[in-house]
Amino acid sequence: MKLVIDYVEDAKEKLGMESDAALAKHLGGSRTLVSKWRNDGSIPDDYYCIRIGQILGIDPLIVISAANFEREKSTDRKAFWENFNSGRTGKILGTALIAGMLAMPSPEGAQAATNDAYAKLIPIVYIM
């Protein structure tokens, strides 16, 4: 399971930022906000998890569940958040796969397009 700091690093990379302070400013937090997550072991609240998810273009609940997994002390609850997170990412990957398949042209459509292209190349000859 990815940790929240992994999503933070992904967000920095996606935005082309090299410093924690730059990401913190982009998120609207104090200059040391991201450094605290990295060095002090503090975990972002739901607001920042949602913002990170938006930056990455993923379901923010994935980041929120990772944060709750890290905060949780109970083994049972940690397992709940881990299962919740893996279910969310699996559904998103499945949905993306189905959407990609639906966007592909059907074999019949591809054949028709090919036939039209050939028809334009071959001159028509009428015999009387």
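Here, each number is a calculation from the coordinates, and none is a lab measurement. Keep in mind that this is a model prediction, so the values were computed, not measured. Please note: Cβ atoms are built from the backbone with ideal geometry, for glycine as well, and neighbour counts cover all protein chains shown.
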Could you check, for the stretch 6-28, whether at least one of its residues is of a type outside the set (Ser, Thr, Tyr) and within 22 Å of Gly87 (Cβ to Cβ)?
-> yes
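Mind listing whichever residues of the stretch 29-47 are part of a helix (DSSP H, G or I) and farther than 27 Å from Asn83 by Cβ? Spell out how you get there, then give the answer.
Filtering the stretch 29-47 for residues part of a helix (DSSP H, G or I) gives 33-39, 46-47.
Hits for the stretch 29-47 are Leu33, Val34, Ser35, Lys36, Asn39.
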Residue identified as surrounded by fewer than 18 Cβ atoms within 10 Å (Cβ to Cβ), touching a residue at least 12 places away in the same chain (Cβ under 8 Å) and either aliphatic (A, V, I, L, M) or over 23 Å from Gly87 (Cβ atoms) (or both) among Ile55, Ile64, Ile50 = Ile50
Mind checking which pairs have a first residue in the stretch 7-33 that is within 15 Å of Gly53 (Cβ to Cβ) and in contact (Cβ under 8 Å) with a residue 24 or more places away in the chain and a second that is among the charged types (D, E, K, R) and part of a helix (DSSP H, G or I), Cβ under 6 Å, 6 or more apart or different chains?
-> Leu27/Arg51
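Residue-wise test of (1) among the aliphatic types (A, V, I, L, M); (2) buried (at least 16 other Cβ atoms within 10 Å of the Cβ).
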position	(1), (2)
Val8	yes, yes
His26	no, no
Thr32	no, no
Asn68	no, yes
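Any idea which residue in the stretch 48-84 is farthest from the chain's Cα centre (by Cα), counting only those that are part of a helix (DSSP H, G or I) and among the hydroxyl-bearing types (Ser, Thr, Tyr)? Break it down into steps so the answer makes sense when it comes.
Here is the first cut: in the stretch 48-84, the residues part of a helix (DSSP H, G or I) are 48-56, 60-71, 75-84.
With the extra rule that they be among the hydroxyl-bearing types (Ser, Thr, Tyr), the set shrinks to 48, 65, 75.
Numbers: Tyr48: 16, Ser65: 14, Thr75: 27 Å.
Once the filter is applied, the top-ranked residue is Thr75.
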